[in-house]
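**Q** Quick one: the structure is below, and I'll ask about it shortly.
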Amino acid sequence: MSEQEQGREAADANLEVDKPKDWAAGVPGIAHAMGPAFKDVGVTRSLKGLLTMNQKDGFDCMSCAWEDPPERKTFEFCENGAKAFVWEATPLVVKSEFWDEHPLADLETRDDYWLGQQGRLSEPVYKAPGDDRYRPVSWERAFQIVADELHDLDSPDEAAFYTSGRTANETAFLYQLFVRAFGTNNLPDCSNMCHESTGAAMGETVGVGKSTVRYEDFAKADLIIIMGQNPGTNHPRMLTALEEAKEAGAKIVAVNPLPEAGLKRYKNPQKVRGIIGRGTDLADQFLQVKLAGDMALLQAVSKRVIDADAVRGGILDHAFINRYCIGFEEFRDSLSTLDEQTVLDATGVSSAEIDELAEGYMTSERVIITWAMGLTQHEFAVPTIKEIINLLMLRGNIGRPGAGASPIRGHSNVQGDRTMGIWEKMPHAFLDALEAEFGIEVPHESGLDAVGTVRAMRDGKVKVLTALGGNFVKAISDTGVSEAALRNTRLSVQISTKLNRSHAVIGESALILPVLGRSEIDVQATGEQFVTVEDTVAAIHASKGNLPPVAPNLLSEVSVVTRLARAVLGAGGPIDWAHFEHDYDSIREHIANVVPGCDDFNKKVRAPGGFDLPHGPRDNRTFPTASGKAQFSVNELRTIEVPPGRLLLQSLRSHDQFNTTIYSNNDRYRGVKNGRQVIFVNPDDLASLGIDDGQAVDIHGEWTDGVDRVARGFRVISYPTARGCVATYFPEANVLVPLDFTAHGSNTPVSKSIIVRLEPTAA
Ligand SMILES: Nc1nc2c(c(=O)[nH]1)N[C@H]1C(S)=C(S)[C@@H](COP(=O)(O)OP(=O)(O)OC[C@H]3O[C@@H](n4cnc5c(=O)[nH]c(N)nc54)[C@H](O)[C@@H]3O)O[C@H]1N2
Ligand SMILES: Nc1nc2c(c(=O)[nH]1)N[C@H]1C(S)=C(S)[C@@H](COP(=O)(O)OP(=O)(O)OC[C@H]3O[C@@H](n4cnc5c(=O)[nH]c(N)nc54)[C@H](O)[C@@H]3O)O[C@H]1N2
Ligand SMILES: [Mo]
């Protein structure tokens with residue numbers, strides 16, 4: 001048994017299960033946050049860091065992409081932001097001896113929790129071909145190794161360059177510039193696994209793949225529908241915005257297979273009422289939809305709205321539809337044949353519940369719909385999100401105060417990275433601007449996305465993988481296939497703050513390049529630098545660390561990218577990389593000329609709180625689609641047939657993790673302690689399958705390719721999830737997600753509807 005398995009077994013042997021909580025984020029939230037910070041980071045460093053986190057002159061929280069309110073409080077962070085801070089700001093470092101004491105064979109047996117606990121990476125290390133361990137290496141030599149390998153390729157397309165969404169705008173801009181100047185568009189990123197479906201759906205229908213609301217709109221809304229999102233854990237500061245909305249009279253509807261704590265009740269740690277008392281009731285209606293039932297639900301609501309207009313009149317916003325949209329008649333006609341029974345089977349909710357939601361929608365002047373991974377990671381995610389746009393457009397809920405479509409982004413700068421050009425298929429206008437600005441030629445044909453990159457590595461077509469942050473091999477689907485693909489490369493390069501699985505599962509040779517974290521001071525030749533980030537409502541602001549770097553031999557991410565570019569492309573070319581490294585303002589000057597909406601970047605970003613990027617649909621109802629109009633779409637209703645005796649599985653986040661980073665083995669709101677190898681199953685399903693609460697089961701994935709994908713030894717927890725729908729944690733579940741099972745139109749791995757069967761674990 002590997003040490004990882006032993007660790008799991010030890011952890012899970014103490015598994016404790018309690019009743020799930022029905023409220024989120026009160027005093028225990030802040031207490032849970034501050035305790036570990038003081039203990040692991042020290043009181044002074046903690047206060048210095050936490051009190052400037054998300055402040056206008058401080059650094060941006062490295063956790064989620066939730067937006068900052070116009071007025072900041074003293075504690076403008078949540079429990080999970082504090083965990084992310086502690087994880088990064090720890091004074092513990094990986095020392096030089098570590099690499100000798102832990103050869104690769106050892107690192108491969110460790111889990112991500114153990115790897116992360118070793119502390120911050122403090123020097124570059126290299127594993128040479130044939131060697132059995134990493135060894136410290138100089139920065140110059142490290143960059144030369146990458147340059148040599150890249151020069152050795154037959155084509156630039158034999159390399160791929162991954163980005164995770166914590167990367168700041170300036171770094172992202174330089175990274176994509178380097179990659180394209182080198183000659184490829186192989187720029188896979190975490191967004192390919194995340195909100196890609198949103199970008200595809202909104203891009204086609206309204207012309208912009210980003211939220212059409214601003215922070216202030218939440219407090220102006222009459223109705224907020226939260227679909228496929230767990231804000232109590234993943235965007236806790238959103239609960240404050242929801243509370244403000246409620247106080248201003250808004251109704252909230254939650255659509256989710258799970259009764260998540262943060263959707264029910266909220267105790268605001270910033271208020272006396274949050275400290276004593278029962279807090280604010282959030283959801284007025286909870287629709288316990290079946291996994292992937294949202295498309296049917298949305299169509300059923302739209303049909304009710306259209307039918308009511310035919311009877312009562314005055315429901316549809318005909319002025320908006322006529323002036324700004326096309327395709328309404330086709331959409332209306334397609335819904336006339338929608339079969340109610342099919343809807344009820346797919347959603348698992350009653351006609352009366354759908355009536356209530358439709359009535360609430362029709363009687364609300366201003367409606368916002370938010371969503372996250374519960375909608376994007378399905379086979380038919382793109383058409384489902386298009387149905388959100390259809391529904392909103394029926395009553396003109398786009399481009400006016402208090403209304404709109406609001407995808408809630410994941411990583412703190414995942415949206416900004418896209419704005420800066422991290423995308424394998426960036427529009428030609430952007431590429432043309434890049435060429436004009438720098439006097440270079442860049443490729444225009446699309447490159448590889450995340451799934452495409454794994455396939456290409458597997459097939460020997462991509463030989464070098466560089467990753468700017470993240471944990472690609474653990475985050476992507478089909479763990480077995482993906483690990484083998486990575487091992488098939490000649491060189492893998494990780495630019496990181498901490499160790500994870502992607503440092504242990506590597507190519508024939510591998511480099512680890514350690515960088516400063518976002519909370520740390522970044523000093524260059526012209527003095528202290530700051531970077532910028534974009535949040536989920538397209539607001540850009542500065543982020544400036546204020547803690548002394550944890551180790552002397554760290555470089556900033558900008559330094560790493562510029563030095564790498566110089567080593568690979570040679571000094572003396574048309575791009576002055578050294579200048580960029582010395583003065584980040586100089587990077588922003590170029591961004592201003594290339595990225596739409598960033599003109600006068602250096603000036604605008606120095607205003608307290610930053611500035612908003614322009615957004616046609618939001619600002620003045622201009623829709624930069626192919627037709628120049630907002631597009632109603634007709635989407636064939638898709639439902640999932642689950643064979644008898646099988647269940648539909650989703651993978652989600654526990655309260656104590658950030659994606660592949662595990663902070664602890666607890667999931668407080670769902671009542672789970674000391675274990676992650678668990679599967680949440682409805683009690684009626686347990687009864688009909690003859691499985692007991694607490695029993696150990698193996699989860700077998702069933703997909704059309706006939707491969708037996710199995711995750712073994714999961715403890716069953718009887719849980720009030722929707723009938724037929726089960727849940728387990730990401731990334732453990734990734735072994736069950738087939739690489740080729742991806743969403744139509746976005747190629748995002750289908751992490752939230754896998755057909756599985758449960759079998760008792762052999763004793
Ligand atoms: N603390 C913390 N914060 C995070 C992260 C983290 O790991 N930890 N990750 C960040 C990232 S990168 C992202 S993308 C976001 C993710 O934020 P979320 O999308 O909230 O993350 P998940 O845990 O995947 O939760 C998915 C939710 O959707 C529901 N759901 C699943 N399938 C369906 C469905 O078919 N229909 C409906 N209606 N609901 C469904 C699940 O029950 C669950 O409540 O959070 C970001 N913030
Ligand atoms: N089954 C399943 N799979 C999923 C999902 C799911 O819900 N279910 N969710 C998907 C989603 S939404 C996403 S976004 C992806 C996440 O995919 P990734 O973004 O690749 O994964 P993370 O776990 O967020 O990456 C964490 C690592 O980033 C590095 N890091 C942290 N901070 C910094 C920094 O400041 N600089 C640098 N250079 N490195 C840093 C650390 O080494 C850390 O270990 O996973 C996807 N995979
Ligand atoms: Mo994400």
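**Q** What FRET efficiency comes out for the pair LYS39/ASP740, r = Cβ-Cβ distance, R0 = 41 Å, nearest 0.05? Numbers along the way, then the final one.
**A** Working: r = 45 Å, r/R0 = 1.10.
The value I calculate is 0.35.
**Q** Between the range 401-468 and the range 93-117, how many Å separate their Cα centres?
**A** 32
**Q** Sticking with this one: Taking the Cβ of GLU379 as the centre, find all other residues whose Cβ is under 15 Å away and add up their charges (Lys, Arg: +1; Asp, Glu: -1).
**A** Working: positive: LYS290, LYS386, ARG638, LYS752; negative: GLU196, ASP294, GLU387, GLU636, GLU641, GLU702, ASP705, ASP740.
Spelling it out: positives minus negatives among the neighbours equals -4.
**Q** Which value results for Rg/Rh of the range 395-469 when Rg is the Cα radius of gyration and Rh the Kirkwood radius based on the inverse mean 1/r?
**A** 1.10
**Q** Summing Lys, Arg as +1 and Asp, Glu as -1, what charge do residues with Cβ under 11 Å from the Cβ of ASP585 carry, ASP585 excluded?
**A** Computed value for this residue: 0.
**Q** Viscosity 0.890 mPa s, temperature 25 °C: what is the translational diffusion coefficient of the range 196-407 from Stokes-Einstein with a Kirkwood Rh over Cα pairs, rounded to a whole number of µm²/s? Kindly include the intermediate steps, with their values, before the conclusion.
**A** Working: Rh = 17.4 Å.
Rounded, D is 141 µm²/s.
**Q** Please compute the volume of the convex hull spanned by the alpha-carbon atoms of the range 647-760 and report it per residue in Å³. Walk me through the intermediate numbers first.
**A** Working: hull volume 12.1 nm³, N = 114.
Spelled out: Cα convex hull of the range 647-760, divided by residues, is 106 Å³.
**Q** Rounded to the nearest 5, what % of DSSP beta bridges with both residues in the chain are antiparallel? Kindly include the intermediate steps, with their values, before the conclusion.
**A** Details: 38 of 87 bridges.
Beta bridges within the chain, antiparallel portion: roughly 45 percent.
**Q** Once you sort the root eigenvalues of the Cα gyration tensor of the range 375-527 as a ≥ b ≥ c, which label holds: rounded (a/c under 1.5), prolate (a/b larger than b/c) or oblate (the other case)? Please report the intermediate quantities before stating the final value.
**A** Working: a/c = 1.68, a/b = 1.40, b/c = 1.20.
Because a/c hits 1.5 or more and a/b exceeds b/c, the range 375-527 counts as prolate.
**Q** What does the convex hull of the Cα atoms of the range 331-416 come to per residue, in Å³, rounded to a whole number?
**A** Working: hull volume 11.3 nm³, N = 86.
Per-residue hull volume (Cα only) is 132 Å³.
**Q** Also, I was wondering about something else. Could you pull out every residue, at least 5 positions away or on a different chain, whose amide H is within less than 5 Å of the one on LEU555? Hs are placed 1.01 Å off N in the peptide plane, and Pro or chain starts have none.
**A** Amide H neighbours of LEU555, under 5 Å, 5+ apart: LEU516.
**Q** Label points 7 Å out from Cα along the Cβ direction at ALA762 and ARG723: separation in nm?
**A** Inter-label distance under the simple model: 3.5 nm.
**Q** Based on alpha-carbon centroids, what's the gap between the range 177-209 and the range 628-680 in Å, whole number please?
**A** 23
**Q** If you average the sequence gap of Cα pairs under 8 Å that are 6 or more apart and divide by the length of the range 196-407, what percent do you get for the contact order? Each step should come with its number before you reach the end.
**A** On the way: 364 pairs, mean separation 70.3, N = 212.
The value is 33 percent.
**Q** If r is the Cβ-Cβ distance from GLN524 to ASP432 and R0 is 25 Å, what FRET efficiency results, to the nearest 0.05? List each step's numbers first, then the result.
**A** Numbers: r = 31 Å, r/R0 = 1.22.
After rounding, the FRET efficiency stands at 0.25.
**Q** What FRET efficiency comes out for the pair VAL634/GLU356, r = Cβ-Cβ distance, R0 = 25 Å, nearest 0.05?
**A** Details: r = 26 Å, r/R0 = 1.05.
After rounding, the FRET efficiency stands at 0.45.
**Q** When the Kirkwood radius is taken over all Cα pairs of the chain, what Stokes-Einstein diffusion coefficient follows at 20 °C and 1.002 mPa s, in µm²/s? Kindly include the intermediate steps, with their values, before the conclusion.
**A** Working: Rh = 26.4 Å.
Stokes-Einstein gives a translational diffusion coefficient of 81 µm²/s.
**Q** Need one number: % antiparallel among DSSP beta bridges in the range 196-407, to the nearest 5. Display every interim value, and only then the final one.
**A** Details: 2 of 19 bridges.
Of the beta bridges lying entirely in the range 196-407, close to 10 percent run antiparallel.
Read-outs throughout are calculated quantities, based only on the coordinates presented, and are distinct from any laboratory measurement. Keep in mind the model is a prediction, meaning the values are calculated, not measured. Neighbour counts are summed over all protein chains in view; Cβ atoms, including those assigned to glycine, are modelled from backbone coordinates with ideal geometry.
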